[in-house]
Amino acid sequence: MDERPERAGRIAGVAASEGVAVGPAFVHVAERLEPERERITAKAVEAELERFQGAAEAVVRRLSETGDRLRESGSEEEAGIFEAHVEMARDPEIHSEVEERVRRLESPEAAVLAVGEEYAAIFAAMEDEYMAARADDVRDVSNQIAAELVGSRAAGLEALQTPSVILAHNLAPSDTARVPKGMALGFVTAEGSGTSHVSIMARSMGIPAVVGVGAALEALLEAETVAVEGGEGYAVADPDPETVAEFERKREAIAGERAALEEYKHVEARTRDGRRIEVSANLGSVDEAAEALSWGAEGVGLFRTEFLFMERDELPSEDEQYEAYREVAEAFGEKPVIVRTLDVGGDKDLPGVEVHEEENPFLGWRGIRMSLDVPELFKPQLRAILRAATAGNLKVMFPMVVDVEELRAASRVLDECREELEGEGKETGPLEVGVMIETPAAAVCAAHLAPEVAFFSIGTNDLVQYTLAADRGNERLRRLQSADHPAVLELIKYTCEAAREAGILVGVCGEAAGEPALIPRLVELGVGELSMSAPSIPRAKKIVSRL
Ligand code: PEP
Ligand code: MG
């Protein structure tokens, strides 16, 4: 039986998130539209103006509906963004300038893009940071009207109204987050690997995904319907009836397997010789807490806090952060929740922090390096975590550490924050401190780090990329993107030995923690906690129970 992805008609990529889906294709193109038609004839002016009105109205309708939906689901802030976009799409000045240009025989799509660009330049030049950031909004809106005019299927993800398979060059976490609930049946991207953020998001959302298909994405862009096989890593453009039937059988089989795993959801995972292994969830936002518990999470092995800092105009306040951390701590009660301090770098913009473009952002100013350099970033976060620790069983963990000095420096800031809060009469809770072992340096220094922390958490995603010198997002380096490499396993082994010596817990929070083939190896090496995308939890518990 030839089930390999390279079978004819199959577009092969990385099996990024298990499951199958067949559905209408939705092309997400983030790049700017280039109108093909610049000029119109004098005869066509009135009809073209009418078309422009129709397109603007369609965009207004779509944006308003999205805004209403967000408001109903309690996302006030996001709803506000859409309302502002509606205003822009209706703006009388923009409309009259487009009209003027069309009367000068510019095509309405070229006109609306040009006017959008003019307004964007005005916004961008403003001193006020908030106003300057509106440049992207006006560009986005004019782009949407132009897309509507040329009948392009490339539209904003938030506009998705039919459950679809989303095709994109790449998807940022903010893109996936914008997809209305239930509207993504699957993802196929040209870029990405198994540990790039789109894959992590897809797994935690339980949505099938194939990433890193490269230039072959082109072949899908023309398709009406796309089938995605996220477990084997391929997609099919306009599948024939047999393929659709085959996918339906697979879907049923997967549903059957998931049902069989139900009984493992809420068991305490223990090996057959009685060793207890905690199986926890990785969270990327507060909203994922309830879902993680329903999959049987015994805690949170990694709470990524980046979501609080991205896509906004100013840094989140201490109070806003406190609310987020408290909410997760409360949801998990006595179960441990490990909050990781901010881990961004030169590849992402951060409001209020001057981040210079770097040649090698992954080897640059990121994670704990940035936090230690920018106290106005680090201290409010630590203060918020200390305060939220009164509400549950919180722990804190530092990312990208390479030596004991960094750990000590970070711990000193933590102590300082605790003293300040006590001086202000604010209550703080107990907080164990841990480090991520995600650089080869940290693994090699594990014996020095272990006596100074309460736990280790191995971040295999970065540990693999730094050990094997292989960018975790580069689709050509698939062979070098697995923790199942002797060099990586040796570092994990060494880390586990150091942890055992010091009597501390060692967990794994990289994607390897949820990989069936790796779980036995990790447990054998001494890992005591596995933290993964929530839908993988029942299977991991089953595997552990059989060891
Ligand atoms: C890791 O590097 O393994 C990890 C868990 O952190 P992130 O994926 O957020 O870099
Ligand atoms: Mg990492």
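With respect to the conditions (1) out of contact with any strand residue (DSSP E or B) (no Cβ under 8 Å at 6 or more places or on another chain); (2) surrounded by 14 or more Cβ atoms within 10 Å (Cβ to Cβ), residue 314 lacks only one, and its number is (2).
Take the residues of the stretch 103-122 that are without any contact (Cβ under 8 Å) to a residue 40 or more places away in the chain and touching a Lys or Arg at 6+ places or on another chain (Cβ under 6 Å): which is farthest from residue 53 (Cα to Cα)?
Step one: filter the stretch 103-122 for residues without any contact (Cβ under 8 Å) to a residue 40 or more places away in the chain, giving 104, 114-122.
Of the ones still in play, those that are also touching a Lys or Arg at 6+ places or on another chain (Cβ under 6 Å) are 116, 120.
On the way: 116: 15, 120: 21 Å.
Filtering the stretch 103-122 for residues that are without any contact (Cβ under 8 Å) to a residue 40 or more places away in the chain and touching a Lys or Arg at 6+ places or on another chain (Cβ under 6 Å), the one farthest from residue 53 (Cα to Cα) comes out as 120.
Within the option set 513, 499, being crowded, with 19+ Cβ neighbours inside 10 Å, more than 16 Å from ligand 1 (Cβ to nearest atom) and not in a loop (DSSP other than H, G, I, E, B) holds for one residue only, 499.
Checking 344, 374, 328 one by one, the residue that is surrounded by fewer than 21 Cβ atoms within 10 Å (Cβ to Cβ) and either outside the structural domain of residue 175 (by TED's automatic domain parsing) or touching a residue at least 40 places away in the same chain (Cβ under 8 Å) (or both) is 374 and no other.
Here's a check for you: in the stretch 399-427, which residue that is of a type in the set (A, V, I, L, M) and part of a loop (DSSP other than H, G, I, E, B) is farthest from ligand 2 (Cβ to nearest atom)? Write out each step before concluding.
Residues of the stretch 399-427 of a type in the set (A, V, I, L, M): 400-402, 404, 407, 409-410, 413-414, 421.
Next, from what is left, pick out any that are part of a loop (DSSP other than H, G, I, E, B): 400-402.
Values: 400: 7, 401: 11, 402: 13 Å.
So the residue we want is 402.
With the structure loaded, tell me whether residue 476 is at pLDDT below 95 and either in a helix (DSSP H, G or I) or more than 16 Å from ligand 1 (Cβ to nearest atom) (or both) or whether it fails that test.
yes
Inside the stretch 180-221, can you point out the residues that are of a type in the set (A, V, I, L, M, F, W, C) and either in a loop (DSSP other than H, G, I, E, B) or assigned by TED's automatic domain parsing to the domain that holds residue 284 (or both)? Once the filter is applied, which keeps residues that are of a type in the set (A, V, I, L, M, F, W, C) and either in a loop (DSSP other than H, G, I, E, B) or assigned by TED's automatic domain parsing to the domain that holds residue 284 (or both), the stretch 180-221 yields 183, 190, 207, 213.
Are any of the residues in the stretch 428-436 within 16 Å of ligand 2 (Cβ to nearest atom), part of a helix (DSSP H, G or I) and free of Cβ contacts under 8 Å to residues at least 60 places away in the same chain? Break it down into steps so the answer makes sense when it comes.
At the first step, the residues of the stretch 428-436 found to be within 16 Å of ligand 2 (Cβ to nearest atom) are 434-436.
Next, from what is left, pick out any that are part of a helix (DSSP H, G or I): none.
Scanning the stretch 428-436 turns up no residue that is within 16 Å of ligand 2 (Cβ to nearest atom), part of a helix (DSSP H, G or I) and free of Cβ contacts under 8 Å to residues at least 60 places away in the same chain.
Taking only the stretch 148-178 into account, find how many residues are in a loop (DSSP other than H, G, I, E, B) and either modelled with pLDDT under 85 or under 25 Å from residue 461 (Cα atoms) (or both). Write out each step before concluding.
From the stretch 148-178, those in a loop (DSSP other than H, G, I, E, B) are 150-156, 160-163, 169-172; that's our starting set.
Add one more test, that the residue is either modelled with pLDDT under 85 or under 25 Å from residue 461 (Cα atoms) (or both), and what stays is 150-156, 160-161, 169-172.
Residues in the stretch 148-178 being in a loop (DSSP other than H, G, I, E, B) and either modelled with pLDDT under 85 or under 25 Å from residue 461 (Cα atoms) (or both): 13 in total.
Take the residues of the stretch 347-370 that are part of a helix (DSSP H, G or I) and crowded, with 17+ Cβ neighbours inside 10 Å: which is farthest from ligand 2 (Cβ to nearest atom)? Among residues in the stretch 347-370 that are part of a helix (DSSP H, G or I) and crowded, with 17+ Cβ neighbours inside 10 Å, the one farthest from ligand 2 (Cβ to nearest atom) is 370.
The values are calculated or read from the model by the stated rules, or taken from the named source; none is laboratory data. Since this is a predicted model, take the numbers as computed values, not measurements. Quick reminder, even Gly has a Cβ in these numbers, built from the backbone with ideal geometry, and neighbours come from all protein chains shown.
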